[in-house]
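Where a number appears in this text, it was derived from the coordinates with a stated rule and is not lab data. In this text the structure is predicted, and so the values were computed from the model without any measurement. Cβ coordinates were reconstructed from backbone atoms using ideal geometry, including for glycine residues, and neighbour counts include every protein chain displayed.
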Amino acid sequence: MSGSLEAALSSTRPVRIYTPGWEQKLGVRIWGLMFADLWRSRDLIWRLFWKQWVGQYRQTWLGYFWAVVPTLVAVFAFVLLRRHVLPKFQTPIPYVAYAMWGMTAWQFFSSSFQSAMNALQESGHMISRIQFPRESLVFASIGKNLFTLLLRLFAFGLLVIWLYAHRADVQWDIPRSILLIPLSLAPLFFLAVGMGMVMAVFLTIAGDVGNVTPMILQFGVFVTPGVMFPSSPRWPYQLLGLLNPVSGIIEGSQDLLAYGRMTQPEVYAAMTLFSLLIFLVGWRFFRLALPRILERF
Amino acid sequence: MNSDVLVRAEGVGKKFCRTLKRGMYYAGLDLARMMVGGEPERERLRKDEFWALDGVSFELRRGECLGLIGPNGSGKTTMLRVLNGIFPPDRGRVVLRGAVGGLIQVGAGFHPKLTGRENIYITGAIRGMDRRQIEARMEEIIAFSGIEEFLDMPVQFYSSGMLVRLGYSVAAHMEPDILLLDEVLAVGDVAFRYKCLAHLRQKMAAGCTPIFVTHNMEQLSFLCTRVLVFSRGRILFDGDVDEGIAVYQDVLTEGGRKGQREAGRIEYDPRADVAFLEVASHPDGLIRTGDDVVIHVGLEVREPVGPLALRITVESPVAGNIATLEPLRAGVEISGAPGRRVLEARIPSIPLLPGAYALKVLLQERDSLKPFMRLVGPRLLIGARDERRARFLLTLRDQWRWCDPTEVSWCRDRADGALEAIP
């Protein structure tokens, strides 16, 4: 039996053997397969992203303008709130820029998370009928959010220029590295994909997840320092900033914007490591769970 | 494993859960176990679970073409998905040698707002082709689809037939060693279907080994060299195509006997009605090919209506509607005067081959075509005789002999040696 199997394996054609739980039994070698699948599907990821993106904007007049609107609306509301409702607080850079940056980062995280979570459901029947690396659906769904992020960062750039052109009282030395600062948001990508992959599995098992998550994310704006207001050094509000990985990352990047360096690099580093860990764990969980849940599509 | 064996299934089992809620619970439970390094429940059937595949074993060699047939829910498609690696089996194992490709869900991944050409790239990528491979085959794909002139139009304006053409053309230009097909040739127009069949034959000649799930016996016997008949997750028969088809029809007949009572009835207008429809029984309880069949139809007209028309349609599970029985064609008129009457239809020497056929009744007003009622009557069961020489659906009672060329006009019109010139 095993002898004949070796004969099969030694021939030049690829041999696939499917047994109960074969992926599980690969142990650590599964990572090789996962990265190989990711590399193999780079073309597919690009095509799936392109399909979503073009499909979304092809039948619109204002096109990409719509990508920026939700951020502008939220920032406008924040500015009004701060002026008339909220207690006074200081931000290291002009508030409108602060809120715009924070909201751009938050929306990138929350929409990426939701896209990743819904990627399997939105692919329809093909997911249970055609064999292809399913992660590519998740990664492709993030592409749309990355592109939207770029457009919003561009809008942020316009806002900064406008601030300098029209407001004489601006006290903000823009660091020369400003064009590189968006890269400091990269951990949000890993965090969103990792969490999204885990939730995608849960969503398949129980539809309830799809109802709860948007509520939690909407609430997230108010408990994530760095989006609407900076974190407070006072107990217990301090915890919000320290325990929330999204907050640690956004505030780190806001420090870069304001001072060109981070005031709490250790928090940012810890949150970045945490995000990478979540990404790897989430991806592994996704691979582990997928064969068991694909029959549910 | 012999180098010619491309696919080997050894005692493959796969179970599913009948109910959604319990399935959710089991999936959650299994995942929790897997997370702590345990095994999901594979061997034991929990409540509401059943084996969709149960101990399926077979080998497939290069050059064969395997057909999978069986009633709905017998496990064919599940088998195909296990072969495709979509989910692993719960028992046994599958060994595949060579690249596997699927002609399954041919339009998968199409985006309605993108053009045909753009969608070729997407669906090609889903099937594992990269940009270069797609571009190298683009001309071929477009030519095969036969819809060049619509290629730069968004596919949301395509007809369903055009979508199938495009989807099939992309999927068909992969070059796998093992090709899995699931009912893909069930749609599209006849000309395109034949084109696809011819194309598949070419691929087989080039060394591709197809596995084919279908309900179409004609395509099956055109392509396959061997069939597996599935019933309730097990292989009932493995071997020759003609014999397999006969076994399959027996399975359907068996199911048909059990389904005698599942008649459906739609009443549109209570003024006229078909009270009953009965196939007169034969002495030994089963009608066979070549027997005379007698059908009795009871009509009840409750209020005066216009002249009536009755039509009984004979439907085959594998070929769709195949014949109609109409009293009017035989010159028998049905007046709309109130009363109860019984009509008799006699079909001498029925040419249908073994199987379960549905009889569908329509009673309507002759002039306005307004329906009074529709009914799916009892099945017409045709049993097998000992010899199973005829194939497909009908026997035409063909008679053959040698004849003198002078009797034949084609030969008379030509000089000697004309027989060689027969095209």
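Inter-label distance, residue A:29 to residue B:269: 7.3 nm, where each label sits 7 Å from its Cα along the C-beta direction. The Cβ shell under 15 Å around residue A:120 holds other residues with a net charge of +2, Lys and Arg each +1, Asp and Glu each -1.
Stretching the chain fully between residue A:42 and residue A:235 yields a gain of 64.8 nm (0.36 nm per residue, less the alpha carbon separation).
Scalar couplings 3J(HN,Hα) for the stretch B:403-412, obtained by applying the Karplus form with A = 6.51, B = -1.76, C = 1.60 to θ = phi - 60°, are 10, 7, x, 5, 6, 9, 5, 4, 7, 4 Hz; x denotes Gly and Pro. Highest-first packing order for the peptide set A:182-189, B:369-376 is A:182-189, B:369-376, based on the mean count of other beta carbon atoms within 10 Å.
Would you compute, from DSSP H runs of 4+ residues alone, the mean residue ellipticity of chain A at 222 nm, taking -39500 (n - 2.57) per run and dividing by the full residue count, rounded to the nearest 500?
Values: 12 runs with 204 residues, N = 297.
So the helix-based figure for chain A works out to -23000 deg cm²/dmol.
Set the Förster distance to 51 Å, then compute FRET efficiency between residue B:238 and residue A:284 from the Cβ-Cβ distance, nearest 0.05. That pair, residue B:238 with residue A:284, gives E of 0.80.
Two decimals is fine: what is log10 I(q)/I(0) at q = 0.08, 0.10 Å⁻¹ for the stretch A:27-296, from a Debye sum with one equal scatterer on every Cα and no solvent? Reported log10 I(q)/I(0), two decimals: -0.36, -0.55. For the pair residue B:341 and residue B:222, label points projected 7 Å from Cα toward Cβ lie 4.5 nm apart. When chain B is treated as a GNM with alpha-carbon contacts under 10 Å, the residue of B:400, B:51, B:410 showing the greatest mean-square fluctuation is B:410. Cross-link partners of residue B:14 among lysines, defined as those whose alpha carbon lies under 22 angstrom from its own and excluding same-chain residues fewer than eight positions apart: A:25, B:47, B:76.
Only loop residues by DSSP count here, and only those with at most 15 other Cβ atoms within 10 Å; note down the GluC sites (Glu not before Pro) in the stretch B:13-58 that meet that.
Values: sites: B:41, B:43, B:49; in loops: B:41, B:43.
For GluC sites (Glu not before Pro) across the stretch B:13-58 that sit outside H, G, I, E and B with at most 15 neighbouring Cβ atoms in 10 Å, the list reads B:41, B:43.
Taking a sphere under 12 Å around the Cβ of residue B:280 and counting the other residues whose Cβ falls inside, with K and R at +1 and D and E at -1, yields a net charge of -3. Calculated FRET efficiency, residue B:366 to residue B:409, Cβ-Cβ distance, R0 = 41 Å: about 0.40 to the nearest 0.05.
Which percentage, to the nearest 5, of the DSSP beta bridges contained in the stretch B:261-383 is antiparallel? Spell out each step's value before the answer.
Working: 41 of 43 bridges.
The antiparallel proportion sits near 95 percent.
Suppose R0 equals 22 Å; then what is the FRET efficiency for residue B:143 and residue B:201 from their Cβ-Cβ distance, rounded to the nearest 0.05? The pair residue B:143/residue B:201 has a calculated efficiency of 0.75.
Backbone amide hydrogens, once placed in the peptide plane, bring residue B:213 within less than 5 Å of B:68, B:181, B:182, B:183, excluding anything fewer than 5 places away on its chain. When each of A:144, B:113, B:15 is scored by the number of other beta-carbon atoms lying within 10 Å, the sequence from fewest to most is B:113, A:144, B:15.
Put a plus charge on the Cβ of each Lys and Arg, a minus charge on the Cβ of each Asp and Glu, and nothing anywhere else: the dipole of chain A about its Cα centre is then about 440 debye. Each Cα pair under 8 Å and six or more residues apart adds its separation to the average, and for the stretch B:261-383 the resulting relative contact order is 36 percent. Counting every other Cβ atom within 10 Å of each residue's Cβ, B:312, B:322 order from fewest to most as B:322, B:312. Inter-chain Cβ neighbour count for B:97-106, averaged per residue, equals 4 (cutoff 10 Å, partner chain atoms only).
Between the stretch B:126-202 and the stretch B:317-359, the C-alpha centres lie 41 angstrom from each other.
Expressed per residue, the C-alpha convex hull volume of the protein assembly as shown stands at 269 Å³. Give me the percent relative contact order of the stretch A:174-263, please, defined on Cα pairs under 8 angstrom at least 6 residues apart. Dividing the mean separation by the residue count of the stretch A:174-263 yields 39 percent. May I ask for the net charge around residue B:142, where only other residues with Cβ less than 10 Å from the Cβ of residue B:142 are counted and Lys, Arg are +1 while Asp, Glu are -1? Once positives and negatives cancel, what remains is -1.
The relative contact order of chain A, computed from alpha carbon pairs under 8 Å that lie at least 6 residues apart in sequence, is 23 percent.
The residue list B:268, B:337, B:351 was ranked by how far each Cα lies along the charge dipole of the stretch B:261-383 toward its positive end, using unit charges on Cβ atoms, and B:268 comes out on top. The charge dipole of chain B, taken about its Cα centre with unit charges on the Cβ of Lys, Arg, Asp and Glu (plus for the first two, minus for the last two), comes to roughly 1340 debye.
If the only charges are +1 at each Lys and Arg Cβ and -1 at each Asp and Glu Cβ, what is the size of the charge dipole of the stretch B:200-357 around the Cα centre, to the nearest 20 debye?
Numbers: 17 positive and 21 negative charges, 72 e Å.
Dipole size: approximately 340 debye.
Would you mind ranking A:219, A:132 by Cβ crowding within 10 Å, fewest neighbours first? Walk me through the numbers on the way to the answer.
Details: A:219 10, A:132 23.
The fewest-first ordering by Cβ neighbours comes to A:219, A:132.
Projecting the Cα atoms of B:225, B:128, B:194 onto the dipole axis of chain B, where Lys and Arg carry +1 and Asp and Glu carry -1 at the beta carbon, places B:128 farthest toward the positive end.
What value, in deg cm²/dmol to 500, does the helix sum -39500 (n - 2.57) over DSSP H runs of n ≥ 4 give at 222 nm once divided by the residues of chain B?
Numbers: 9 runs with 108 residues, N = 423.
Helices in chain B give a 222 nm mean residue ellipticity of -8000 deg cm²/dmol.
Here the Karplus relation 6.51 cos²θ - 1.76 cosθ + 1.60, evaluated at θ = phi - 60°, turns the backbone of the stretch A:54-68 into coupling constants of 5, x, 6, 9, 5, 9, 10, 7, 8, x, 5, 3, 5, 5, 8 Hz, with x for every Gly and Pro.
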